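*Asks:* The structure under discussion is supplied below as structure tokens; questions concerning it will follow.
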Amino acid sequence: MRVFNFMKYKNMWFGISGLVLALGLVFMIINGGLNFGIDFTGGSSITIDFEKQYDIEKVRDIMSKFDEDAIVTYAGYDKELANIKTNVDFGVQTQGEFKKAIKESLGVEETNIQIEYIGPSIGKELMKKAIIALVLANLGILLYVTLRFEWKLGLSALVALLHDVLIMIAAYAIFQIPASSSFLAALLTIIGYSINDTIVIFDRIRENKKSNKKMTDDELVNVSTSQSLTRTMNTFGTSFVTIMALYIFGVPAIRDFAFPMIIGMISGVYSTVFIASPVWVMLRKRSKLASNH
């Protein structure tokens, strides 16, 4: 087995992550924060059933008269549905005008047009529960890894998870993708995915530490990560192909979930290999220095 010297380039790994996070922060400052979807800001969700394939540009032309920033996408297996998301509150009068415009221009009956209003209060409650779920999940993982291994490994795993969360947020800020409830669901899913691979490497570190006590911390990380690398990449590869298929062939609602999953999976593998273990070595060295003084 070939052993890669991961620790030799730890500053470069940290630098790449730092650069992505810095870019995300810059874009958040420039754009005034994340681009929150109607799940958080409130607005209207419109579904139009054409019962056949249609020209989406005509729908966008009509919608631009009500909201130029509205998002109009295909939906349905045969693209017979139009899905529209807008931050504009479609009241009774606006709904009537919109349905009339669609009927006159595209011949769609009003019964085939469904308009749903989403209040911002729902978004606030959703965000509150998501933050609580994230905090509890991370605390639970920290406790589990600490009890199974040691507190330094537990803290290292937590740093890696926070890295994945921040990378996903940075990606949304850079590409200005609307953050919806699907983003939060993917965020919680990625935490479980990322910690799984991290624990595998930590378990290997513990076993190698017992069998060869002469190894330095750097050598332990290099050997243990190299031994687990094939499994990590195989797990990532099979999962990544599935998620990419969902993103390419899925409907918009599925893509909203698949995209953050893609970002999170890449970040999760990166943090598992290049962030978690080096952080553990740094904590070990700091602890030894503190005990010597």
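*Asks:* Starting from the Cα of Glu80, step 7 Å along the direction of its Cβ; do the same at Gln93; then give the gap between the two resulting points in nm.
*Replies:* 3.6 nm
*Asks:* From the P(r) of region 153-246, can you give the percent of Cα pairs sitting at distances over 16 Å?
*Replies:* 65 percent
*Asks:* Test of understanding: what is the full-extension gain from Asn31 to Lys124, defined as 0.36 nm times their sequence separation minus their Cα-Cα distance?
*Replies:* Length gained between Asn31 and Lys124: 31.4 nm.
*Asks:* Another question, if that's okay. Multiply the residue gap between Ile16 and Glu51 by 0.36 nm, knock off their C-alpha separation, and tell me the result in nm, one decimal place.
*Replies:* Once the chain is fully extended between Ile16 and Glu51, it gains 7.7 nm.
*Asks:* Full extension from Phe249 to Glu110: what is 0.36 nm times the residue separation minus their Cα-Cα distance, to one decimal in nm?
*Replies:* Full-extension gain reported as 47.1 nm.
*Asks:* What list of ³J(HN,Hα) couplings, whole Hz, do you get for region 269-277 from phi and the Karplus terms 6.51, -1.76, 1.60, once you set θ to phi - 60° and write x for glycine and proline?
*Replies:* Each residue's phi maps through the Karplus curve to give 5, 4, 5, 4, 7, 10, 10, 4, 5 Hz.
*Asks:* Separate question: Regarding region 76-234, what's the average projected area of the Cα-atom convex hull, expressed in nm²?
*Replies:* If I average the Cα hull's projected area over directions, I get 14.0 nm².
*Asks:* Let me know the charge dipole size of the chain about its Cα centre in debye, to the nearest 20, where only the beta-carbon of Lys, Arg (+1) and Asp, Glu (-1) is charged.
*Replies:* Magnitude of the dipole: close to 2220 debye.
*Asks:* Choose one answer from Tyr270, Tyr193, Tyr144: the residue with the largest mean-square fluctuation in a GNM of the chain with alpha-carbon springs under 10 Å.
*Replies:* Tyr144
*Asks:* A follow-up question, please. Out of Thr242, Leu153, Met265, whose Cα points farthest toward the positive end of the dipole of the chain (charges: +1 Lys, Arg; -1 Asp, Glu; placed on Cβ)?
*Replies:* With unit charges placed on the Cβ atoms, the residue in question is Leu153.
*Asks:* Once you charge only the Cβ atoms, +1 for Lys and Arg and -1 for Asp and Glu, what is the size of the charge dipole of region 137-226 about its Cα centre, to the nearest 20 debye?
*Replies:* So the magnitude is around 300 debye.
*Asks:* Taking a probe of 1.4 angstrom, what is the accessible area of Thr47 in Å², to the nearest 10?
*Replies:* Roughly 50 Å² of Thr47 is accessible to a 1.4 Å probe.
*Asks:* Under a Cβ-only charge scheme (Lys and Arg +1, Asp and Glu -1), can you give me the dipole magnitude of region 1-120 about the Cα centre, in debye to the nearest 20?
*Replies:* Dipole of region 1-120, to the nearest 20 debye: 1000 debye.
*Asks:* For labels at Thr146 and Met282 in the simple 7 Å Cα→Cβ model, what's the distance in nm?
*Replies:* Reported label-point gap for Thr146 and Met282 is 2.0 nm.
*Asks:* Which residue fluctuates most in the GNM of the chain (Cα springs below 10 Å): Ile118, Ile190, Ile167?
*Replies:* Of Ile118, Ile190, Ile167, the most mobile in the Gaussian network model is Ile118.
*Asks:* Compute the longest continuous run of the chain that contains no exposed GluC sites (Glu not before Pro); treat a site as exposed when its DSSP state is not H, G, I, E or B and it has at most 16 other Cβ atoms within 10 Å.
*Replies:* In the chain, the maximal stretch lacking such sites is 151-293.
*Asks:* So, one more: Taking Cα atoms, how many degrees apart are the long axis of helix 181-211 and the longest axis of the chain, rounded to 10 and kept between 0 and 90?
*Replies:* 10 degrees
*Asks:* Moving on to the next point. For Gly37, list long-range residues whose amide hydrogen, built 1.01 Å from N in the peptide plane, is under 5 Å from its own amide hydrogen.
*Replies:* When sequence neighbours closer than 5 places are left aside, the close amide H contacts are Ala179, Ser180.
*Asks:* Taking the alpha carbon gyration tensor of region 41-130, what are the square roots of 5 times its eigenvalues, largest first, to the nearest whole Å?
*Replies:* Square roots of five times the eigenvalues give 24, 15, 11 Å.
*Asks:* Then there's this: Relative contact order for the chain: what is it in percent, counting Cα pairs under 8 Å that are at least 6 residues apart?
*Replies:* Rounded, it is 25 percent for the chain.
*Asks:* Top to bottom by accessible area (1.4 Å), largest first, where do Ile29, Ile115 land?
*Replies:* Ile29, Ile115
*Asks:* Tell me, what are the semi-axes, in whole angstrom and largest first, of the equivalent ellipsoid of the chain as set by the roots of 5 times the Cα gyration tensor eigenvalues?
*Replies:* Sorted largest first and rounded, they come to 48, 19, 15 Å.
*Asks:* When the Karplus curve 6.51 cos²θ - 1.76 cosθ + 1.60 is applied with θ = phi - 60°, which whole-Hz ³J(HN,Hα) does each residue of region 3-8 get, with x for Gly and Pro?
*Replies:* Karplus values, whole Hz, x for Gly and Pro: 9, 8, 8, 5, 5, 4.
The values are calculated or read from the model by the stated rules, or taken from the named source; none is laboratory data. Computed from a predicted model, the values in this text were never measured in an experiment. Quick reminder, even Gly has a Cβ in these numbers, built from the backbone with ideal geometry, and neighbours come from all protein chains shown. Ligands, DNA and RNA are excluded from the accessible area calculation, which covers all protein heavy atoms including side chains. Shrake-Rupley method; radii C 1.70, N 1.55, O 1.52, S 1.80 Å.
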